[in-house]
Amino acid sequence: MLVVDDDDDSRTALSALFEHEGYVAAEAANGAEAVRLLEKGLDPDLVLTDLMMPVMSGWDLCEALKRVPGWRGIPLIVLCGMTAEQRGKLQVDDAFEKPTDFTTLLNRISELCGL
Amino acid sequence: MVAILALGRPVLVPVALAFYLAFVLSPLAERLERLGTPRGLTLGTITAALFSVLAVVGSVLVSQALELAGQMKTYAGQMSEKLAALRSARGGVVYDLGHALSELGRGLDTEAVKLEDATPVRVVSDGLSGVERIEQSVSPLLHPLALSIAVLAMAIFVLGHREDLRGRLVRLVGTRNVTVTTRTMVEAVNRVSHFLLAQVCVNAGFGMVIAAGLYFIGIPYAVLWGVLAALLRFVPLVGVILATVLPVLAAFAIFPGWQHVLLTAGLFLVVDLVTANAVEPVVLGRRAGVSAIALLVSAVFWAWLWGPVGLVLATPLTVCAAVVGRHVPRLAFLTVLLGDEPGLSGSVEFYQRILAGATRDALGMARSRVKATSLVETFEELVVPALGLMALDQNQRTIDQSVAERVVKDVRDIVRRLSAQTEAQASPSNPALVLGVPAESDADVLLLEMLALTLAERHGVLVALDAGPRTESAAAAIERRPNVVCVAELPPGGSANARFLCRRLRAALPDARLLVLRPEPADARSREAAARLREAGASDVAYGLGEATERLLSPSGSAYQGAGL
């Protein structure tokens, strides 16, 4: 999965937790970096992103992912509170408030990945 | 560049001719050297042979040309008499045409009317001595003679130093990858040399046959016409027509009636047809690799730039440019512009026609391809790559969703028309049943439709689900409890959906055979994608429709026989 967060500590911690659970995690510090990785051929099963980031925000990243048909199938989880309307508009699969309950998040991830 | 070519004509023309000659002679030189002949002796032999041939042919040509010049007055008289006889046949088309033309000429030529009022002039001797007169009459011959000797000398020099020149050329192209550059340069030079030598041989043979034919018909100066025909055949498209005119005129002037005229014209026509359609394809290969339009444009360009010599050099120069373009990546545009390969590859042209709304043309292309190959090959080489191009354009946002939907709709229509053309052989007794699951889009459903048609040709049956959200597709597939599933996904793009479906289906149907169809070239990236798909539960990954059909119907897949959905 691809973890996108500008906060180095939370990003590294999330990646470490996912890897502990058996996932392979790639990291990006903002939306632009995530797009660059995808353009280079990274093919994640899920993207987990923060919304408030410099250079390219999570909002813009969500739009970019849904605009390209090749990336449209990648499930998207946002780590920030969102209304149902906002989620529908950005076609986000789920949104989790920070601090996040890791077990709930893991369950949702395995569901979205078909595990 | 054009200005340099035009201004440098006095220098560049002999250099181009010398290189042309060197290219033609290099295969002979290499063959002699391979037999163990020292370079000096090889060059000496070639020079002697060249001068001997030129001397013999030249002396015959000069004698025949001088004789022809002497007879010109007689022939002109005979021709006038013959034309007068034709004119006297009043009422005929020739008469009417001739009369109309002469009237027109009289009307236009106002200067001729004024001739009656012209002032008479007196010719006064120029006072030149005998030696000066000889010099004046010989000097026009000296320039071409000096030029010919210079060209021959330069050609022999180029031939003697060809490795050195090749080395310099390699250095000019780039020394970063000497091996590849050398190999491509050697190949390019060899191809051009062999082509030019073969062309010289074919045209020489053409000239000889023409000379022999004219001799048997009874046309005088057969050798002269034969040499002229051989030389003019280098001129693309109009050369042979030009070569035909003079012997036909000679036949018209010398012989009564039309028999010799028709025989002469017929000889040129037959020999040219046989040479162009039977000899050249065998000797030169199927083609020179240059398009007819490029030859025509090149002939006009070089004739404008360098005159008659440019016209003769047009074909070799165009072939050289096209071959060099094929081997030097930076000059690849030359091959695209001059080469005889289609401007677009089959699938690109097919996609381009659908994009342009010319579906009928695209259907025509697909039908021709089915006739020439098969339905499966047409799908794999034309239709599926075209869908891939569409997906790529979509990813790069060159086309929007509505255009993509129209392309898929048009392609589906073409696929259905093609399948109606080639009826599937039904074998309802014991068909292999496969459930097709599209990974995401309508294009994936179309892939499955094509796979169904491919399978049907081998008595297989594939039932495809409609496109929809992947969770719903997975649920619908699981509900049917199939033994064999084919998940189709059109690259480019990731395979997150296909992996999701594989995980879900594998979890619910542990014994089912799961094949993923992802039509793309088998490279490192696709192999990595295949590994991840297998990890997600796929039994196998196929990169094409034919491969998928084979896998689904292979002996290892015999469990599919009679399998239910």
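Read the figures in this text as sums done on the coordinates, not as results from a lab. Just so it is clear, the model here is predicted, and its values are computed rather than measured. FYI the Cβ positions are ideal-geometry reconstructions off the backbone, even for glycines, and counts take in every protein chain you see.
Lysines near A:LYS89 by alpha-carbon distance under 29 Å, same-chain residues fewer than 8 away left out - which ones?
A:LYS40, A:LYS66, A:LYS98, B:LYS409
For B:LYS82, list the lysines whose Cα falls under 22 Å from its own Cα; do not include residues on the same chain fewer than 8 positions away.
Output for B:LYS82: B:LYS73.
Using a cut-off of 10 Å between beta-carbons, work out the net charge of the residues near A:GLU27 (Lys and Arg +1, Asp and Glu -1, A:GLU27 not included).
The answer is -2.
Provide the packing ranking of B:355-364, B:489-498, i.e. peptides ordered by the mean count of other C-beta atoms within 10 Å per residue, highest first.
B:489-498, B:355-364
For a footprinting-style exposure proxy, rank A:TYR23, B:TYR221 by other Cβ within 10 Å, fewest first.
A:TYR23, B:TYR221
Treat each spin label as a single point 7 Å out from the Cα along the C-beta direction, and report the A:GLU39 to A:VAL55 distance in nm.
1.2
Shielding of A:42-50 by partners, i.e. mean partner chain Cβ atoms within 10 Å per residue?
3
Looking only at other chains, what is the average number of their beta-carbon atoms within 10 angstrom of each beta-carbon in A:69-78?
The per-residue average across the peptide is 6.
Which far-off residues, 5 or more places away or on another chain, put their amide H under 5 Å from the one on B:ALA488, with H placed in the peptide plane?
Under 5 Å from the amide H of B:ALA488: B:VAL437, B:ALA439, B:LEU517.
May I ask you to sort B:TRP258, B:TRP302 by Cβ crowding, counting other Cβ atoms within 10 Å and putting the fewest first?
Ordered from fewest to most neighbouring Cβ atoms within 10 Å, B:TRP258, B:TRP302 come out as B:TRP258, B:TRP302.
Once you sort the root eigenvalues of the Cα gyration tensor of segment B:428-561 as a ≥ b ≥ c, which label holds: rounded (a/c under 1.5), prolate (a/b larger than b/c) or oblate (the other case)?
rounded
What distance in nm separates the two pseudo spin-label positions at B:ARG480 and B:VAL270, each 7 Å out from Cα along the beta-carbon direction?
With each label point 7 Å from Cα toward Cβ, the separation is 6.8 nm.
Given a Förster distance of 25 Å, report the FRET efficiency between B:PHE216 and B:ILE293 from their Cβ-Cβ distance, rounded to the nearest 0.05.
Once rounded, the FRET efficiency stands at 0.10.
Tell me which residues come under 5 Å, amide H to amide H, from A:GLU27 once H is placed; ignore anything under 5 positions away on its chain.
Under 5 Å from the amide H of A:GLU27: A:VAL3.
Normalising by the residue count of segment B:436-525, find the relative contact order in percent from Cα pairs under 8 Å and 6+ residues apart.
Rounded, it is 31 percent for segment B:436-525.
Of the listed peptides B:526-539, A:67-80, what is their order by residue-averaged count of other C-beta atoms within 10 Å, with the highest listed first?
A:67-80, B:526-539
Could you line up A:GLU19, B:GLU547 from fewest to most neighbouring Cβ atoms inside 10 Å?
Listed from fewest to most nearby Cβ atoms, that is A:GLU19, B:GLU547.
Looking at the square roots a ≥ b ≥ c of the eigenvalues of the Cα gyration tensor of chain A, which shape do they give, rounded for a/c under 1.5, prolate if a/b is larger than b/c, or oblate?
Taking the square roots of the gyration eigenvalues as a ≥ b ≥ c, chain A is rounded.
If you take the square roots of the eigenvalues of the alpha-carbon gyration tensor of segment B:288-341 and sort them as a ≥ b ≥ c, do you get rounded (a/c under 1.5), prolate (a/b over b/c) or oblate?
prolate
If you count the DSSP beta bridges with both ends in segment B:428-561, what percent of them are antiparallel, to the nearest 5?
In segment B:428-561, approximately 5 percent of DSSP beta bridges are antiparallel ones.
Given a Förster radius of 51 Å and the C-beta distance between B:MET72 and B:ALA524 as r, what FRET efficiency does 1/(1 + (r/R0)^6) yield to the nearest 0.05?
My answer for the efficiency is 0.10.
Quick one: which of B:508-521, A:94-107 comes out on top by average Cβ neighbours within 10 Å, and what's the full order, highest first?
B:508-521, A:94-107
Using the Karplus equation 6.51 cos²θ - 1.76 cosθ + 1.60 (θ = phi - 60°), what ³J(HN,Hα) coupling, rounded to whole Hz, does each residue of segment B:488-504 give in order, writing x for Gly and Pro?
Couplings: 10, 9, 8, x, x, x, x, 10, 4, 5, 4, 5, 4, 4, 4, 4, 5 Hz.
So how strong a dipole does segment B:346-418 carry about its Cα centre when Lys and Arg Cβ are +1 and Asp and Glu Cβ are -1, to the nearest 20 debye?
The calculation lands at about 300 debye.
Please list, in chain and number order, the residues 5+ apart from A:CYS80 or on another chain whose amide H is under 5 Å from its amide H, with Hs placed from the backbone.
A:PHE96
Taking beta carbons within 10 Å but only from partner chains, what does the mean come to for residues B:489-497?
Averaged over the peptide's residues, the number is 6.
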